Amino acid sequence: MKQLDPLLHSQLRLAIVSLLVKHDTLDFSFLKEKTEATAGNLSVQIKKLEEAGYITVMKRFKNNYPQTSCQLTDKGLNAFERYVKTINEYLNPKN
Amino acid sequence: MKDKTMQPSDSMEIITRMIESRKTNWNDNGHILRFWGWLILFASIAHFVLLEFQFYQIFWTPWLVTIPGAIYTFVYFARMKKSQGKSGFLDKLSGFLWWMFAFNAFALGFGFTFFFGHLGTGIILILLGFASAIDGRIMRFRPMVIGGLLTNLMGFFTLGWMLLLYKDIVDAQNFIILLVGLGITLTNLIPGYIMKREFDRKKQ
């Protein structure tokens, strides 16, 4: 059985990537609302995903307030697809 | 949500929950749907009235309201995208579908119908119903799917009617344009008001 990607095999990081699979670009506040995570924890996990090259983080100013948004990279999408495939193999092992 | 490791079944549960975080794919009060509903209803009635009073040179002018309408829609969605901070594939797909419909309807309305009368109206109704049913399916919003299917059927009946009886119903042709008003009522106005009611109910 293949090893699960440790970077994705955590609740919050997996939730972030799953949301980004559906929406190409998401604001930090939207991710926070949907994952119900604390801002600090979310920032840490976003940083880890960014360092792995799974997402890109864009910072800009909107109405004089900093705004952070995230986008899934091709590498992140491929990792997610591999992860889902591996999970399916765990859940439905072939004889 | 805490950050901790989990079982494969937990992973699947999170993926499903996040990807299907909404049962529906619409999250506004249907403002643009109703806006276009009233705009097209107004244009079709005005078109009919001008034809009835034999203003044959200017009967098409009410449709010019679609140009500022398109600009308003573009600005509205650009602002909404900025304020909501998200831009999904389905939103883009839905937007592309309607811009394609607008291009086709515009080309048919201002080109085809000038030469072939209301044959173009039948085709526009088919396209309107088609686009609406697909968009309703994308948004998982049944009233729009039903309105789209009914309008699509109405378009085929209109086209068939015009093709079979074209020469015999010249006097009745003016009424055909009102079918566009009926179609937009089915695809936009009724679903738009149902969407608003459901959205307001969810917000409470």
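Taken over segment B:44-60, the criterion of being within 21 Å of B:Ala102 (Cβ to Cβ) and in contact (Cβ under 8 Å) with a residue 60 or more places away in the chain is satisfied by B:Ser44, B:Ile45, B:His47. Yes or no: B:Ile45 within 15 Å of the chain's Cα centre (by Cα), part of a helix (DSSP H, G or I) and modelled with pLDDT of 80 or more? In short, no. Criterion applied to B:Gly147, B:Gly155 was being buried (at least 22 other Cβ atoms within 10 Å of the Cβ), modelled with pLDDT of 95 or more and not acidic (Asp, Glu), and the one residue passing it is B:Gly147.
Only one entry in B:Ile58, B:Ile71, B:Ile40, B:Ile45 is hydrophobic (A, V, I, L, M, F, W, C) and crowded, with 18+ Cβ neighbours inside 10 Å, namely B:Ile40. Would you say A:Tyr54 is buried (at least 18 other Cβ atoms within 10 Å of the Cβ) and either over 24 Å from B:Lys82 (Cα atoms) or of a type in the set (Ser, Thr, Tyr) (or both)? Criteria met by A:Tyr54.
Can you find a residue that is within 13 Å of chain B (Cβ to nearest Cβ), touching a Phe, Trp or Tyr at 6+ places or on another chain (Cβ under 8 Å) and within 20 Å of A:Val17 (Cβ to Cβ) anywhere in segment A:53-69? Yes - at least one qualifying residue is present in segment A:53-69.
Taking every residue in segment B:149-165 that is assigned to a helix (DSSP H, G or I) and pairing it with any residue that is surrounded by fewer than 17 Cβ atoms within 10 Å (Cβ to Cβ), at least 6 positions away or on another chain, the pairs with Cβ-Cβ distances below 9 Å are B:Thr151/B:Leu182; B:Met154/B:Leu182; B:Trp161/B:Ile169; B:Met162/B:Phe116; B:Met162/B:Gly117; B:Met162/B:Ile169; B:Met162/B:Gln173; B:Leu165/B:Ala172.
Within segment A:1-27, the set of residues being crowded, with 23+ Cβ neighbours inside 10 Å and out of contact with any strand residue (DSSP E or B) (no Cβ under 9 Å at 6 or more places or on another chain) comprises A:Leu8, A:Leu12, A:Arg13, A:Leu14, A:Ala15, A:Ser18. The single residue among A:Leu7, A:Leu12, A:Leu20 that is more than 7 Å from chain B (Cβ to nearest Cβ) and under 21 Å from B:Gln7 (Cα atoms) turns out to be A:Leu7. For segment A:28-48, the candidate set comprises residues that are within 7 Å of another protein chain (Cβ to nearest Cβ) and crowded, with 20+ Cβ neighbours inside 10 Å; within that set, the residue that is modelled with the highest pLDDT is A:Gln45.
Residue-by-condition table, conditions (1) within 14 Å of another protein chain (Cβ to nearest Cβ); (2) more than 13 Å from the chain's Cα centre (by Cα); (3) modelled with pLDDT under 75:
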{"site": "B:Ala70", "(1), (2), (3)": "no, no, no"}
{"site": "B:Leu93", "(1), (2), (3)": "yes, yes, no"}
{"site": "B:Trp99", "(1), (2), (3)": "no, no, no"}
{"site": "B:Ala102", "(1), (2), (3)": "no, no, no"}
{"site": "B:Ala107", "(1), (2), (3)": "no, yes, no"}
{"site": "B:Ile126", "(1), (2), (3)": "no, no, no"}
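The values are calculated or read from the model by the stated rules, or taken from the named source; none is laboratory data. Owing to the predicted nature of the structure, the values given are computational and were not obtained by experimental measurement. Cβ: placed from backbone, ideal geometry, glycine included. Neighbour counts: every protein chain shown.
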